[in-house]
There are 2 protein chains.
Amino acid sequence: MTDGNIVFAEYGKTAKLLHGNSILDAAKKVDIEISAVCGGHGLCGKCRVVVKEGSQNLEPVSHLETMSLSREELAAGYRLACSTLLNHEGTIVVEVPPESRVEQQRLLVAGIETPVSRHPSIKKLLIHLSKSSIENVKSDAEILLEGLSNQGQPTARIGYDALIRLPTALREGDWSVTVALRDDREIIGVQPGDTTNASYGLAVDVGSTKVAAYLLDLNEGKVVATASTPNPQIPYGEDIISRVLYASMSEKNLKQLQGVIIASINKLLLDTCKSAGVNVSEVYDAVLVGNTVMHHIFLGINPRFVALSPYPPAISSSVSVRAKDIGLRINPAANVYVPPNVAGFVGADAVADVLATELYKSKQLSIMIDVGTNTEIVLGNDQRTISCSAASGPAFEGAHIEFGMRAEPGAIENVYIDPSNLEPGFKTVGDARPRGICGSGIVDAVAAMLKSGIINNFGLINTKLNSRRIQKEVDRVPQYVLSYKEENDVQHDIAVTQLDVQEIQLAKAAIYSGAAILMKHLHVEPREIQKVFLAGAFGTYVDPQSAVIIGMYPDVPLERVQFVGNAAGSGARMALLSREVRDNSAMIAHRIGYVELAADPSFQREFTEALQLPHKDLKRFPTVAQLIKRRE
Amino acid sequence: MTDGNIVFAEYGKTAKLLHGNSILDAAKKVDIEISAVCGGHGLCGKCRVVVKEGSQNLEPVSHLETMSLSREELAAGYRLACSTLLNHEGTIVVEVPPESRVEQQRLLVAGIETPVSRHPSIKKLLIHLSKSSIENVKSDAEILLEGLSNQGQPTARIGYDALIRLPTALREGDWSVTVALRDDREIIGVQPGDTTNASYGLAVDVGSTKVAAYLLDLNEGKVVATASTPNPQIPYGEDIISRVLYASMSEKNLKQLQGVIIASINKLLLDTCKSAGVNVSEVYDAVLVGNTVMHHIFLGINPRFVALSPYPPAISSSVSVRAKDIGLRINPAANVYVPPNVAGFVGADAVADVLATELYKSKQLSIMIDVGTNTEIVLGNDQRTISCSAASGPAFEGAHIEFGMRAEPGAIENVYIDPSNLEPGFKTVGDARPRGICGSGIVDAVAAMLKSGIINNFGLINTKLNSRRIQKEVDRVPQYVLSYKEENDVQHDIAVTQLDVQEIQLAKAAIYSGAAILMKHLHVEPREIQKVFLAGAFGTYVDPQSAVIIGMYPDVPLERVQFVGNAAGSGARMALLSREVRDNSAMIAHRIGYVELAADPSFQREFTEALQLPHKDLKRFPTVAQLIKRRE
């Protein structure tokens, strides 16, 4: 018997690896859960791990693995955990990449954490002062400013809200007070005694579909609570344009849309503050991001002209506005910072994406794709950056999909199909009985249907295949059943319909053609792209391989793809923690070029070609072409 | 018959002066009304004029005139218009000093007009812009800022209220808009088309008794409407300290006092806007002045500590606050500027007084006395300036006086008493039938009673004199009747009681002793004072001679005394018209020294000596001593 040791470095765990056992088995023993939808049979290809050391002690790459992994991935040490067995005694060091981690998936939805050096706009300072004497009477403000000056803050001025609290605070604190200082410039709050430990900020990503809020402890630089809610504007118009039309109809409508979104942010504020035990008046700063239309509406700016050619935003620089001016119920003297917009359809959220991915800092050419109803795409590096917005619709969020749903318990989030018998396997959120399909599930399903030949490159379901799961006509269209009603809680079959596949084709074609036009503008080929950042609300972590199989983004080696979750929220949190990040955002917005896709002469052709799966021009998708070919 | 020509230069009028006619007669012919309470008999001494040219053509100074006019006044060309007759044919040029003008009196209450070079905080600019093209999309804000930059305003930023109006305004105005720019820095408003002609500001003097508002056209630099109202806080406490106590009791009380004062300012705003045909949203700037307690209350700052030793104000520098933060209903984005405070009892109103009198600019030593419930006194010149506050009470405003009233029609505003028979003559506001006595009337009355021997230097009424007007005991005190009930509309006698005289003594002693202590601090004698500025709400124009006779201010030649009316309001208007004046106010407040009278060891003695009429030490009042002596 040959035994080995396997080290899971990121988890700080080591397991015994017995002869004949797989890496997946060893991981289970030390409670590391690795995604494997097919149950460890080497079929789904989702249990990818990277062997960093000791590969010589493992059995050679199996045929199953060559079918799931590209040459580049194999060269980089990628293996399937279920298929990799010990061969010689020794130590193996393994990395579990984010996309293979099960426990991490929920957290990753919150977006990547790009480290920033903490330098928030808000600084709390405890100052000990001396009161006036009758011989030398000074005003309260004078005493405070002198005290601050002695602590190296000579340029501060007292804001109105702090001023009206000052006389009482000084006496209640017996001349020791804590001031909340904004940008080393304005005193926005003053409290008796030492309250320096209570300093919070709120970062909010206002998506057209979902609003996500993060309460941060500004002293620690850490998230202390998060909450999210569907965008309450949806009843006024599912897509952005409908909401623009509604808001443009009257001042009252605009106020109404602004009112509901601010109310829902206030609700998230209260929820996060309650769960973290924080008083809302201790929240001294906020950063809001959103696409240009969301930006205009939450600021109360008429978004009408954003939707009319040439689609100018009201403002492209950052906006700083007092919380009480927009009705946000954090400390009323607090400032709300909104990063700049690039264009009418590349808003503050895209700038936040760029902040989070740090694409603008890198020498490597990267592409950032923030998938949503409107998908913002940014291509570039530290030299040149260019952006566009693709009208991709809400399909990737599970909307307009027959059995689509949000990533709630029971949502099918990962799918594989056994090519030998066309039987599916899937994983649901919370491992609950299936109720529907979320965004990542539908991408997986379409990719698996393509790989297994259930659909062809035009997306058409092959009803001639011999499988009871392929139904010729349900509501006049064919479909592929993932879960029979006997197997689920919803009393009907859960299937992917022909129309669902078409929705996904339309959506991914919008995105890919946008990316293609940006590449054309920068004169670059897909293989030159060193990094693909996939952001956005797919519900859960989308499988990067499935996404490339359907042709959603340029075909690059899989290890170059990083799913960054809600990167706009990450960027908002970074701007909350760092004044330098805010400065960078101004620079980014100024530097990013914008391409109006509708005005690009090649858009129509690019879009039409991208409707095929993965693309009409298979030369653009060499890896996918090879994968599909292997299955045939 | 010898005829002459008399020129009233300030009026631009010339009259024929017939032999045997007086200057008063000639003035009447050309509708120039000169104050003469005694009807032109040379008794009241109120028809003073200054002969600038041609005195050789007039009869010599009469005995009556030497009784009313000081040596210095006679040397300066002062005559009594009623007693000055033509002697030789020729031209005489006469100046009617402000205190002798009847028609001007009401206007003078509004305060002196010190010329300022117009440079308001608010500037309106018309800009013609070009809209974005699809080839070069710019945000609306970017287009506006570029347009402003092209007009020499490169540093402007867009305020939130302007931003939310910008997209619509640009299109409604077909890319021609008018911006309201504050301090060349912030765009606070944007309107379609050319509205540059509509730019207004509101200056408000918040007195503890009266609130006066002035609506100014900022383009013209002129007052277009004025309005005033009693301070609505009076029911919460007549004097300042009562109001401080009330406001200190709870947050709710403070909000209540702030609420009523802001509501009354809003009412004055609406009244002035209505009468001038101005939209309140076109009022882009405001300056509020008031004593430190009023300042704190209208800003919503707890005034409690201002009333507790060492009486520190919450802030001594100027305050700039947005109109909507304090509920002022001018343009909500407008700024409200409040000049600095010097000390707990020398507030922004005193700084405004100093601005209006320009005392701080002059090489001459001047004293400014702003008479009110608290009387602010400032002594100094361009080298050194010192201030104090005297608790004079409201007697000079007609309060705490048995038959006191505001300067409404029927208020006795000027009084003289014929020394030969102790019969009074008086003039009422609007020449209506008498209803009571206003502030200037009571000062006049007490001075006349002293001059005619009805009261002695202790203020005691001499009940042994032979006059039916002197009544020994009415409500247990003696009094002197000005108007019998048969002669008036109020169904009772209108008299000056012994208690009234005492009130005036207390009030004037507080003021004089404050002035005396300031003089002591600067080591100056009364005769070194080149200018006395008398400001404040006496109802109408107080007679400077009467005021000095009762010993209210240092005895200086009468031509050095200038009644400046509501100088605080004048200073507020100046600050509204000029950014330089605002800069000066900061310098003034910083430079003015403050003397806490209660802490001065000589205060008690000074006060006690000043209780006598005019003063225990007659050497301090040589002119008055001489006047009283002449009458005896």
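The values are calculated or read from the model by the stated rules, or taken from the named source; none is laboratory data. It should be emphasised that the depicted structure is a prediction, and the values quoted were computed from it without experimental measurement. Neighbour counts run over all protein chains shown; Cβ positions are idealised from the backbone, glycine included.
Can you say whether residue B:482 is part of a helix (DSSP H, G or I) and out of contact with any Asp or Glu (no Cβ under 6 Å at 6 or more places or on another chain), as far as the supplied structure shows?
So residue B:482 does not fit the description; no.
Search the stretch A:125-148 for residues being at the interface with chain B (Cβ under 7 Å from one of its Cβ atoms) and among the acidic types (Asp, Glu), and hand back the single one that is surrounded by the fewest Cβ atoms within 10 Å (Cβ to Cβ).
So, considering only residues that are at the interface with chain B (Cβ under 7 Å from one of its Cβ atoms) and among the acidic types (Asp, Glu), the one surrounded by the fewest Cβ atoms within 10 Å (Cβ to Cβ) is A:142.
Anything in the stretch A:188-222 that is over 30 Å from residue A:374 (Cβ atoms) and among the hydrophobic types (A, V, I, L, M, F, W, C)? List them, or say none.
Once the filter is applied, which keeps residues that are over 30 Å from residue A:374 (Cβ atoms) and among the hydrophobic types (A, V, I, L, M, F, W, C), the stretch A:188-222 yields A:188, A:190, A:198, A:218.
Mind listing whichever residues of the stretch B:321-374 are part of a loop (DSSP other than H, G, I, E, B), more than 14 Å from chain A (Cβ to nearest Cβ) and surrounded by fewer than 23 Cβ atoms within 10 Å (Cβ to Cβ)?
Matches in the stretch B:321-374: B:329, B:358, B:362, B:363, B:364, B:365.
Out of A:402, A:408, report the one residue that is in a loop (DSSP other than H, G, I, E, B), in contact with a helix residue (DSSP H, G or I) (Cβ under 7 Å, 6 or more places away or on another chain), more than 30 Å from residue A:572 (Cα to Cα) and modelled with pLDDT under 95.
Result: A:402 is the single residue among A:402, A:408 that is in a loop (DSSP other than H, G, I, E, B), in contact with a helix residue (DSSP H, G or I) (Cβ under 7 Å, 6 or more places away or on another chain), more than 30 Å from residue A:572 (Cα to Cα) and modelled with pLDDT under 95.
Just to verify a result, which residue in the stretch B:469-492, among those that are on the phi < 0 side of the Ramachandran plot and without any contact (Cβ under 8 Å) to a residue 12 or more places away in the chain, is surrounded by the most Cβ atoms within 10 Å (Cβ to Cβ)?
For the stretch B:469-492, the residue satisfying everything is B:484.
Could you tell me whether any residue of the stretch A:281-299 is surrounded by fewer than 19 Cβ atoms within 10 Å (Cβ to Cβ), in a helix (DSSP H, G or I), on the phi < 0 side of the Ramachandran plot and not charged (D, E, K, R)?
Yes; the residues of the stretch A:281-299 include at least one that is surrounded by fewer than 19 Cβ atoms within 10 Å (Cβ to Cβ), in a helix (DSSP H, G or I), on the phi < 0 side of the Ramachandran plot and not charged (D, E, K, R).
So for the stretch A:575-586 (the condition being hydroxyl-bearing (Ser, Thr, Tyr), within 30 Å of residue A:182 (Cβ to Cβ), in contact (Cβ under 8 Å) with a residue 40 or more places away in the chain and not assigned by TED's automatic domain parsing to the domain that holds residue A:310), does at least one residue qualify?
yes
For the stretch B:467-488, give me each residue that is farther than 10 Å from residue B:434 by Cβ, hydrophobic (A, V, I, L, M, F, W, C) and under 32 Å from the mean Cα position of the chain (by Cα).
B:481, the sole residue that qualifies.
Considering only residues that are buried (at least 20 other Cβ atoms within 10 Å of the Cβ) and of a type in the set (D, E, K, R), look in the stretch A:573-595 and name the one that is nearest to the chain's Cα centre (by Cα).
Top of the filtered list is A:573.
Can you go through A:342, A:278 and tell me which one is under 22 Å from residue A:201 (Cβ atoms), among the hydrophobic types (A, V, I, L, M, F, W, C) and touching a strand residue (DSSP E or B) at 6+ places or on another chain (Cβ under 8 Å)?
Residue meeting the stated conditions: A:278.
Among the residues of the stretch A:166-206, what is the count of those that are under 20 Å from residue B:251 (Cβ atoms), away from chain B (no Cβ under 14 Å), out of contact with any Phe, Trp or Tyr (no Cβ under 9 Å at 6 or more places or on another chain) and assigned to a strand (DSSP E or B)?
Qualifying residue count, the stretch A:166-206: 1.
Which condition number in (1) modelled with pLDDT under 95; (2) surrounded by 24 or more Cβ atoms within 10 Å (Cβ to Cβ); (3) within 11 Å of chain B (Cβ to nearest Cβ) is the one that residue A:315 fails?
Condition (1) is where residue A:315 drops out.
Considering each of B:184, B:217, B:239, B:271 in turn, give the residue that is closer than 26 Å to residue B:356 by Cα and in the same structural domain as residue B:169 (by TED's automatic domain parsing).
So the residue among B:184, B:217, B:239, B:271 that is closer than 26 Å to residue B:356 by Cα and in the same structural domain as residue B:169 (by TED's automatic domain parsing) is B:184.
So which residues in the stretch A:300-312 are more than 7 Å from chain B (Cβ to nearest Cβ) and outside any helix (DSSP H, G or I), if there are any at all?
Matches in the stretch A:300-312: A:303, A:308.
Tally time: how many residues in the stretch B:610-624 are in contact (Cβ under 8 Å) with a residue 60 or more places away in the chain and in a helix (DSSP H, G or I)?
Selection size over the stretch B:610-624: 5.
For the stretch A:513-526, check the following and say yes or no: at least one residue is within 30 Å of residue A:601 (Cβ to Cβ), at pLDDT below 95, not assigned by TED's automatic domain parsing to the domain that holds residue A:36 and not in a strand (DSSP E or B).
yes
Looking only at the stretch A:316-369, count every residue that is more than 23 Å from residue A:379 (Cα to Cα) and among the β-branched types (Val, Ile, Thr) and tell me the total.
Within the stretch A:316-369, residues that are more than 23 Å from residue A:379 (Cα to Cα) and among the β-branched types (Val, Ile, Thr) number 5.
Output the residues belonging to the stretch A:140-161 that are small (Gly, Ala, Ser), part of a helix (DSSP H, G or I) and farther than 15 Å from residue B:296 by Cβ.
Listed by number, the residues that qualify are A:147, A:149.
Residues are listed down the side, and each one gets a yes or a no for (1) among the hydroxyl-bearing types (Ser, Thr, Tyr); (2) within 29 Å of residue A:122 (Cβ to Cβ); (3) assigned to a helix (DSSP H, G or I):
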| residue | (1), (2), (3) |
| --- | --- |
| A:216 | no, yes, no |
| A:246 | yes, no, yes |
| A:254 | no, no, yes |
| A:264 | yes, yes, yes |
| A:272 | yes, yes, yes |
| A:275 | yes, yes, yes |
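Does the stretch B:470-478 contain at least one residue that is outside any strand (DSSP E or B) and either under 16 Å from residue B:413 (Cα atoms) or modelled with pLDDT of 95 or more (or both)?
no
Given the residues B:393, B:404, B:430, which is the only one that is touching a residue at least 12 places away in the same chain (Cβ under 8 Å) and either at negative phi or surrounded by 24 or more Cβ atoms within 10 Å (Cβ to Cβ) (or both)?
B:404
Which one is farthest from residue B:412 (Cα to Cα) among residues in the stretch B:27-43 that are touching a Phe, Trp or Tyr at 6+ places or on another chain (Cβ under 8 Å) and of a type outside the set (Val, Ile, Thr)?
Per the criteria, the residue is B:27.
Going residue by residue through the stretch A:195-205, is there one that turns out to be surrounded by fewer than 18 Cβ atoms within 10 Å (Cβ to Cβ) and either at pLDDT 90 or above or touching a helix residue (DSSP H, G or I) at 6+ places or on another chain (Cβ under 6 Å) (or both)?
Scanning the stretch A:195-205, I find at least one residue that is surrounded by fewer than 18 Cβ atoms within 10 Å (Cβ to Cβ) and either at pLDDT 90 or above or touching a helix residue (DSSP H, G or I) at 6+ places or on another chain (Cβ under 6 Å) (or both), so the answer is yes.
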